[in-house]
Each structure stands twice: as structure tokens, then as C-alpha cells.
Amino acid sequence: MSGGIRASAAPRPVGAYPHARRVGNLLFLSGIGPRDPATNAIAGNVHDAEGRLVAHDIGAQAHAVFANVRAVLEASGARWEDLVDVTVYLTDMAGDFAGYNAVWAQYFPDIDAAPCRTTLGIDALPTPIAIELKCVAALPA
Ligand SMILES: N/C(=C\C=C\C(=O)O)C(=O)O
């Protein structure tokens with residue numbers, strides 16, 4: 001088993017875990033959200049004058065989280081095409097499924113080449129994000 005992989009171009013983990021870990025030709029990524037790697041700001045979150053979160057743009061969050069996944073893959077020597085399984089967590093399935101699903105189709109236009117996917121609706125995520133991805137990639141032997 002390899003050591004934990006840290007990607008400088010991805011947002012810092014929010015706890016004591018690596019961005020990814022390789023076991024044989026499999027690469028397991030930690031769950032990651034749409035935080036900006038440089039500022040830690042969450043893409044697409046809208047706040048009122050008092051700083052309360054009042055809305056989010058799921059399209060912006062989906063693009064940002066895919067960028068973060070790509071950064072971790074690249075830091076791990078893997079490619080986008082190596083993704084084989086993605087679990088998607090949404091905090092607002094009713095409001096966000098269509099928007100996130102449309103962005104997904106932009107990143108995976110060929111169904112035959114797309115990773116397997118499971119989408120779950122959950123109450124909350126560790127940071128005030130609306131989407132988190134948990135990915136597994138298989139590197140070429
Ligand atoms: N993977 C976890 C959180 C990720 C949050 C984020 O990227 O914004 C965790 O707490 O396990």
C-alpha cells in the first residue's frame with residue numbers, strides 16, 4: 001500500500017486524511033467538495049449581508065468539485081479516464097439532481113466510458129457544501 005497522497009492543487013483536507021491512497025492499481029480518493037484550493041471558499045455559495053448562507057449554485061459547485069477531483073487524480077498519476085466508480089452525495093436531491101446531472105454529462109459525454117455512479121441524498125456534509133464526490137480510479141497495469 002502506498003503512503004497517503006496530498007495534492008497541492010486541491011483544497012486542503014478538512015481532517016486528518018490524505019487526498020488519495022493507492023493500493024495496487026486502484027486509487028481511492030477521499031470525499032471532496034467544491035472548495036477553492038487557494039482561498040478555501042466554497043464555489044457557488046451565496047450569503048446575505050450578515051454572512052448567512054442563503055443559496056447555492058449547484059452548477060458552479062459541480063464544476064468546482066470535478067476540478068478538485070481532477071487535481072487529485074493528476075497528483076496521483078491518474079487520468080480522468082481512469083475513474084471507475086463515483087459516489088455522489090447531495091444535500092438537496094430534489095433541488096440539485098437535475099443541475100448536477102447536466103454538469104456530469106459534460107464531463108462524461110460517453111456513457112460507455114463513464115465511471116459507475118451512485119447518487120445519494122443526505123442531510124448534511126462536513127462543510128457547507130451541497131455536493132461531495134467519493135471516487136475510485138483504476139490505473140493501467
Ligand atoms: N472528506 C471529508 C470532507 C470533505 C469536505 C470538503 O472537501 O469540503 C471528510 O470530512 O471526511
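The values are calculated or read from the model by the stated rules, or taken from the named source; none is laboratory data. Bear in mind that the values here come from a model prediction, so they are computed numbers and not experimental data. Accessible surface is based on the protein model in full, side chains and every heavy atom, while ligands, DNA and RNA are left aside. Shrake-Rupley method; radii C 1.70, N 1.55, O 1.52, S 1.80 Å.
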Helix 58-75: inclination vs the chain longest Cα principal axis, degrees, rounded to 10, gives 30 degrees
Computed over all unlike Cα pairs, the Kirkwood hydrodynamic radius of the chain in Å stands at 15.4 Å
In nanometres, the difference between 0.36 nm per residue of separation and the alpha-carbon distance of residue 123 and residue 67 is 17.8 nm
Longest principal axis of the chain (C-alpha) makes with the long axis of helix 93-107 (C-alpha) an angle, in degrees to the nearest 10, of 40 degrees
Whole-Hz Karplus couplings 3J(HN,Hα) for region 14-24, θ = phi - 60° and coefficients 6.51, -1.76, 1.60, Gly and Pro as x, run 8, x, 8, 8, x, 5, 7, 8, 9, 10, x
Carbon plus sulfur, as percent of the 1.4 Å-probe accessible area of region 91-137, comes to 57 percent
